[in-house]
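Heads up, the thing below is written out as structure tokens.
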Amino acid sequence: MMRKNIEKAVIIGAGPAGLCVGWNLVASGKEALLLEKTDTIGGLAISFRDGDYLFDLGPHNFHTVHSDILRFVKEILKDDLRQYFPTVKIFFRGKFMRYPLKGINAFTALSLKVMPLAILSFLFARLKLFLRAPKEDDSFESWLRNRFGPVLYKIYFHSYAQKVWMLSPSEISKYVAEKRVPVMRISDYLRNLLYKPVKKHHSEDVGFIESYYPKKGIGQVTTWLYNKITEGKGKFELNSEIVAINGKDKKIESITYCQDGRLKSIETDMLFSTMPLNELIKALKMDVPDTVREAAEKLDYVSEVLFFLKVNKREVFDSSLVYFSDPKIKFNRIYNVGAFSEDCVPAGKAAFCIEFTCNKGDDIWNADTDTLYNHIMDVLGKNQLILPSEVDGYFMKRITHAYPRFRIGFERNVKIILDYISTIENIIVLGRQGLFCYANVDDALHMGFKACEALNSCQIQGINYSELFPQHIYF
């Protein structure tokens, strides 16, 4: 059992999860030092200005099942948190289709030649699923083929998944499909055909969730937390690369980090870590079992290049998000900044963030700005969406750890690591990267509150992560 008189805590990472922990600690009178690897507060939940435009690092559609988090954000942002009604589409064969694919629309977008095959394939797949459990159902590919049939799977899902995850869909865990793809029953398809919409909640179906967005971008949330932390006993050390996390006898004692070429060390009573889970294990200078280090080596993250485009016209397409599944198109998604908040773009203008998923060091990652711009304009110009003469400016940013890569078997490796971490007396890991989980900003904030509740109740040693963060643990 851990001591109750925790006075000094170190938080690795100043993203929304780390900031939420820092704010809770400072609000209770404790000291908190936040070590941030970059020169910016907010992690992936920042908003930044370029001229008269405000951008986020990718789309942050704020929707949540955590009513307490929604109340919290409403309280801190007040009228600046606005409800809006997003539309999501797929750009398929030169046309925009609504996403998620619902009912008969999944078939009517196909050619007359392909449609009968898709329908028969779908019905046969559902019949097999009804009669017996499938032999293989553990991968993104097998899970979707078993529910949509091989024809629809190949047309709508295969290429996009491979492009986004930089991995064969047969190697991606079914966890991704379960999280990202709503599945309807055959009776629901029939109701849809009769124009009787089916209201079935799914976290990725914008038609049945309440969506909110801050007036000046998601960075309003993280900026508020930063200001409150600095008003109290909170401090930040930016450009701080973690070198070692030192401890013995199942307890963290100090953290060594490099800042501006200088090595520094700080002792701590309590460590909260949001750094990538595999990198945390590498940094631990303790008697870590080989099985834990081997499990960490099997975890990796997807990188992204975000390309920002400023356009000298208002109307381009009416969607908040557009997905591109064609493998010949190198980018996979575009988010329409003005559709999230008109206050983020000047009057009469538009702005977009084009996402390229990649691996750090590959051709996309190393591509220069003009190379990616030319590819974007080849696609958008060819489809008469945006012409070069309508572009006011462009730039790009690179993200090394955009989100975890959920390979088959990742659950087992994460469990091995968390089972070990739970034996250390004074550490809690949290956040998207820290827990290696599917999490948005609201989830990160929720984890920050839950982590501090665990601290206050002194239930640290032997912590059960599946109880502390049940919505983000998969075992």
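The values are calculated or read from the model by the stated rules, or taken from the named source; none is laboratory data. Note that the structure is predicted; figures quoted are calculated from it, not measured. Ideal geometry is used to build each Cβ from the backbone, glycine not excepted, and the neighbour counts take in all protein chains shown.
Structure summary
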quantity: Tally of residues being of a type in the set (A, V, I, L, M) and assigned to a helix (DSSP H, G or I) across the stretch 332-360; calculated: 2
quantity: Residue in the stretch 387-394 that is buried (at least 18 other Cβ atoms within 10 Å of the Cβ), free of Cβ contacts under 8 Å to residues at least 60 places away in the same chain and out of contact with any strand residue (DSSP E or B) (no Cβ under 6 Å at 6 or more places or on another chain) present; calculated: no
quantity: Residue within the stretch 256-267 that is under 27 Å from the mean Cα position of the chain (by Cα) and either modelled with pLDDT of 95 or more or outside the structural domain of K450 (by TED's automatic domain parsing) (or both) present; calculated: yes
quantity: Every residue from the stretch 366-380 that is in a helix (DSSP H, G or I) and crowded, with 16+ Cβ neighbours inside 10 Å; calculated: L372, Y373, H375, I376, M377, V379, L380
quantity: Selection status of F324, within 22 Å of R93 (Cα to Cα) and at pLDDT below 95; calculated: yes
quantity: Subset of the stretch 241-256 that is touching a residue at least 60 places away in the same chain (Cβ under 8 Å) and of a type outside the set (A, V, I, L, M) - its residue that is farthest from I11 (Cα to Cα); calculated: K250
quantity: Meets criteria (out of contact with any Phe, Trp or Tyr (no Cβ under 7 Å at 6 or more places or on another chain), in contact (Cβ under 8 Å) with a residue 12 or more places away in the chain and under 30 Å from I463 (Cα atoms)) for K313; calculated: no
quantity: Subset tally (residues that are crowded, with 18+ Cβ neighbours inside 10 Å and acidic (D, E)) for the stretch 211-250; calculated: 0
quantity: Positions within the stretch 267-307 being surrounded by fewer than 20 Cβ atoms within 10 Å (Cβ to Cβ) and in a strand (DSSP E or B), in sequence order; calculated: E267, K285
quantity: Residue match in the stretch 230-242 (condition: assigned to a helix (DSSP H, G or I) and either touching a strand residue (DSSP E or B) at 6+ places or on another chain (Cβ under 9 Å) or not charged (D, E, K, R) (or both)); calculated: yes
quantity: Test for I172: is it buried (at least 21 other Cβ atoms within 10 Å of the Cβ), outside the structural domain of N440 (by TED's automatic domain parsing) and at pLDDT 95 or above; calculated: yes
quantity: Spans of strands (runs of 3 or more DSSP E) in the stretch 69-169 with at least 2 residues buried (at least 18 other Cβ atoms within 10 Å of the Cβ) and either of a type outside the set (S, T, Y) or in contact (Cβ under 8 Å) with a residue 24 or more places away in the chain (or both); calculated: 88-92
quantity: In the stretch 395-410, residue nearest to A444 (Cα to Cα) [restricted to those that are surrounded by 16 or more Cβ atoms within 10 Å (Cβ to Cβ) and charged (D, E, K, R)]; calculated: R405
quantity: Some residue of the stretch 426-447 being crowded, with 18+ Cβ neighbours inside 10 Å, among the acidic types (D, E) and on the phi < 0 side of the Ramachandran plot; calculated: yes
quantity: Residue within the stretch 389-400 that is under 30 Å from H66 (Cα atoms), not in a helix (DSSP H, G or I) and not assigned by TED's automatic domain parsing to the domain that holds L284 present; calculated: yes
